[in-house]
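Just below is one structure, and these are the notes that go with it.
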There are 2 protein chains.
Amino acid sequence: MKSKGSITQLHTSLNYKGLRVTPQRVSILNAIHSLGNHPTAEMIKSFVHQKNPAISTATVYKTLETFVQKGILRKIRTLDEEAARYDAILTDHHHLHSSQDHRMVDYENEELDNLLREFFHDHRIPDFKIESIRLEIHGTFENHQ
Amino acid sequence: MKSKGSITQLHTSLNYKGLRVTPQRVSILNAIHSLGNHPTAEMIKSFVHQKNPAISTATVYKTLETFVQKGILRKIRTLDEEAARYDAILTDHHHLHSSQDHRMVDYENEELDNLLREFFHDHRIPDFKIESIRLEIHGTFENHQ
DNA sequence: ATTTAGATGAGAATGGTTCTTATATAACAA
DNA sequence: TTGTTATATAAGAACCATTCTCATCTAAAT
């Protein structure tokens with residue numbers, strides 16, 4: 001019942017954006033939500049191929065691009081990686097970047113956002129209108145599992 | 001005399017990093033400083049080729065990579081561009097990203113950096129040690145020339 | 001059921017970057 | 001100054017992520 005519900009949700013979200021509901025698109029949306037942490041197009045393709053190997057590379061890339069255009073996904077790039085990553089979280093947020101491996105973890109903090117808003121309210125940048133601010137927080141994870 | 005001086009400086013900076021002083025490296029360093037605003041490898045190659053068309057693509061890329069390794073340059077990526085850019089300013093700083101064109105402008109503000117330092121001092125991120133923070137400030141330039 | 005705008009698949013093409021390997025050279029030592 | 005050698009370079013092939021082309025297909029409106 002949960003899956004029925006979420007499939008309906010996917011339909012609704014695609015319809016809402018004026019996009020046709022195709023098996024490929026549903027499958028790709030599912031992949032992104034299952035994969036969670038900022039998958040690359042390649043990861044999404046692999047995941048999707050487990051159940052439906054017929055979906056072509058072009059479709060994966062085009063679909064991702066479409067989703068980005070429609071505001072369903074956000075495309076992000078890390079410093080040291082070639083491949084782009086896709087983020088299903090659309091509320092503005094920041095990222096922790098591991099300088100050890102290529103991990104990337106979400107970071108949200110409303111207090112920080114308020115602080116930044118205030119700061120730039122008081123320190124306007126000449127001839128520039130800010131739309132959004134994202135922090136790249138580089139460092140190392142201290143994993144004691 | 002100025003140019004003599006800066007060439008000596010280049011030699012010194014390369015030597016200091018334990019790198020051989022080759023015409024290619026000097027030329028590439030010059031290009032980056034002449035080009036200023038976050039050139040791509042392609043831009044650097046073009047600039048260098050004006051005076052020395054014999055320098056190969058591989059050399060440009062390898063040299064840039066070497067400089068990044070040695071801390072002479074920093075490699076940065078923008079959201080919507082494929083190509084990496086190289087930044088000769090090594091002090092930590094932030095960037096304004098134009099959502100109109102692909103312009104990217106430096107932004108430095110010590111007060112902001114202090115604010116961030118304080119904030120994260122008071123709000124430690126569990127299991128993460130921060131090394132540096134960079135802001136991607138997205139927005140539009142209001143150009144009245 | 002029919003229509004058609006829009007989506008897909010297959011593979012070629014592209015752009016940015018890295019690899020390979022034979023040759024050249026900066027810098028150190030003699 | 002010359003010889004030696006570790007390192008750097010040139011040329012082009014290879015590679016990877018991504019986009020393009022275009023013929024075929026299909027979701028969904030009628």
For region B:62-87, give me each residue that is of a type in the set (Gly, Ala, Ser) and surrounded by fewer than 16 Cβ atoms within 10 Å (Cβ to Cβ).
B:Gly71, B:Ala83
Against the conditions (1) in contact with a Lys or Arg (Cβ under 7 Å, 6 or more places away or on another chain); (2) exposed (fewer than 12 other Cβ atoms within 10 Å of the Cβ); (3) within 11 Å of chain A (Cβ to nearest Cβ), where does B:Leu90 fall short? Just the number, please.
(3)
Filter region A:126-145 for residues that are more than 14 Å from B:Asp127 (Cα to Cα) and more than 7 Å from chain B (Cβ to nearest Cβ) and give the result.
A:Pro126
As an exercise: evaluate B:Thr59 against (1) closer than 26 Å to A:Leu116 by Cα; (2) surrounded by 15 or more Cβ atoms within 10 Å (Cβ to Cβ); (3) not hydrophobic (A, V, I, L, M, F, W, C) and give the number of the one condition it does not meet.
(1)
Do any strands (runs of 3 or more DSSP E) lying entirely in region B:40-117 carry at least 2 residues that are away from DNA strand C (no atom under 16 Å from the Cβ) and touching a residue at least 24 places away in the same chain (Cβ under 8 Å), and which ones are they?
B:94-98, B:104-107
Tell me yes or no: at least one residue of region A:97-113 is among the acidic types (Asp, Glu) and outside the structural domain of A:Glu131 (by TED's automatic domain parsing).
no
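Mind listing whichever residues of region A:118-145 are hydrophobic (A, V, I, L, M, F, W, C) and assigned to a helix (DSSP H, G or I)?
Keep residues of region A:118-145 that are hydrophobic (A, V, I, L, M, F, W, C), which gives A:119-120, A:125, A:128, A:130, A:133, A:135, A:137, A:141.
Those that are hydrophobic (A, V, I, L, M, F, W, C) and assigned to a helix (DSSP H, G or I): A:Phe119, A:Phe120.
In this structure, is A:Ile44 away from DNA strand D (no atom under 11 Å from the Cβ), surrounded by 15 or more Cβ atoms within 10 Å (Cβ to Cβ) and away from chain B (no Cβ under 14 Å)? Walk me through it before giving the result.
Details: away from DNA strand D (no atom under 11 Å from the Cβ): no; surrounded by 15 or more Cβ atoms within 10 Å (Cβ to Cβ): yes; away from chain B (no Cβ under 14 Å): yes.
No; evaluated as a whole, the condition is false for this residue.
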Filtering region A:27-39 down to residues that are within 12 Å of the chain's Cα centre (by Cα) and under 19 Å from A:Val105 (Cβ atoms), which residue is nearest to DNA strand C (Cβ to nearest atom)?
A:Ile32
Within 15 Å of the chain's Cα centre (by Cα) and more than 25 Å from B:Glu108 (Cβ to Cβ) - does that describe any residue in region A:110-132?
no
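The values are calculated or read from the model by the stated rules, or taken from the named source; none is laboratory data. Since the structure is predicted, the reported quantities are computational estimates derived from the model, not experimental observations. Don't worry about glycine lacking a Cβ; one is built from the backbone with ideal geometry, like all the others, and counts go over all protein chains shown.
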